[in-house]
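The values are calculated or read from the model by the stated rules, or taken from the named source; none is laboratory data. Keep in mind the model is a prediction, meaning the values are calculated, not measured. All Cβ positions, even for glycine, are placed from backbone atoms using ideal geometry, and neighbour counts span all protein chains on display. To get the accessible areas, we keep the full protein, side chains included, count just its heavy atoms, and leave off ligands, DNA and RNA. Shrake-Rupley method; radii C 1.70, N 1.55, O 1.52, S 1.80 Å.
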Amino acid sequence: MQLLRKNSPIQIKNKKAAFDYFFVDTYTAGIVLTGTEIKSIRMGKASLVDTFCYIHNGEIWVKGMNISPYFYGSYNNHEAKRDRKLLLNKKEIAHLFEDTKAVGFTIVPTLLFIDDKGRAKLDIALCRGKKEFDKRQTLKDKQDKREMDRAMKRY
C-alpha cells in the first residue's frame, strides 16, 4: 500500500483508492496553494474523496480535492473545489503521461500530508482499476488477516 508519514501531524488519506485500484507506481508531489488553503489543511479540513489527477499542457493537476474555506478567512478566502497544480519534474510528468495512455490506468491521490518543513505534499499513484472479483478478494484477505491477528492475541 502506501508509506504513512509517521512524523506528519496531518495525514489525510484516500481510503477508497486502495480498494478500487492496484497501485503500480507512487510519487510525492508538492501542491500550489494559497494562504488560506494551507491554513485549512493544517487544521485537517481537507478531503481526497473522488479526486483524480490529469495532465494538461505538460502540467499535472488534481481535480475534485475539497479544502474547506478557512474559518477566520475574510474576503480573501479560497474556492473549496478548484483545480490545483501539482509540482513534479518534467521527466516524472512525461513518464506518467505515457503510462496513462494505456487503457485502464489513471493517476489517483492517496495521501495528503505536511512535511517536516511545513509544506503540503500529496502522494499520488499510477493505478490500474480493479475488477469486481478483485475487490471481493481484497475484502476476503483483509478479513482473514483480521481474524488471524485476533487469534494470535488470544494466545
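Below, the figures for the structure above:
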item: Some residue of region 41-49 being within 12 Å of the chain's Cα centre (by Cα) and part of a loop (DSSP other than H, G, I, E, B); result: yes
item: Qualifying residue in region 26-41 (condition: surrounded by fewer than 17 Cβ atoms within 10 Å (Cβ to Cβ) and of a type in the set (D, E, K, R)); result: no
item: Subset tally (residues that are over 22 Å from Ala17 (Cα atoms), among the hydroxyl-bearing types (Ser, Thr, Tyr) and open to solvent by less than 50 Å² (accessible area, probe 1.4 Å)) for region 44-77; result: 1
item: Test for Ile93: is it open to solvent by less than 30 Å² (accessible area, probe 1.4 Å) and within 19 Å of Ala17 (Cα to Cα); result: no
item: Top-ranked residue of region 96-134 - restricted to ones that are more than 17 Å from Asp25 (Cβ to Cβ) and in contact (Cβ under 8 Å) with a residue 60 or more places away in the chain, ranked as surrounded by the fewest Cβ atoms within 10 Å (Cβ to Cβ); result: Asp116
item: Counted residues, region 37-50 - those being of a type outside the set (Gly, Ala, Ser), under 18 Å from Asn76 (Cβ atoms) and in contact with a strand residue (DSSP E or B) (Cβ under 9 Å, 6 or more places away or on another chain); result: 5
item: Unique residue being within 22 Å of Asp134 (Cα to Cα) and out of contact with any Pro (no Cβ under 8 Å at 6 or more places or on another chain) when the list is Phe113, Phe97, Phe105, Phe52; result: Phe105
item: Selection from region 50-63 of residues that are within 14 Å of Asp83 (Cα to Cα) and of a type outside the set (Asp, Glu); result: Thr51, Phe52, Cys53, Tyr54, Ile55, His56, Ile60, Trp61, Val62, Lys63
item: The lone exception for Lys85 - which of (1) among the basic types (Lys, Arg); (2) at pLDDT 90 or above; (3) open to solvent by 70 Å² or more (accessible area, probe 1.4 Å) it fails; result: (3)
item: Residue pairs meeting the criteria (Cβ under 9 Å; at least 6 apart or on separate chains; first within 13 Å of Leu111 (Cβ to Cβ) and touching a residue at least 12 places away in the same chain (Cβ under 8 Å), in region 41-56; second hydroxyl-bearing (Ser, Thr, Tyr) and open to solvent by less than 90 Å² (accessible area, probe 1.4 Å)); result: Ala46/Ser40; Ala46/Ser68; Ser47/Ser68; Leu48/Thr110
item: Any hit, region 81-93, residues being closer than 22 Å to Gly129 by Cβ and part of a loop (DSSP other than H, G, I, E, B); result: no
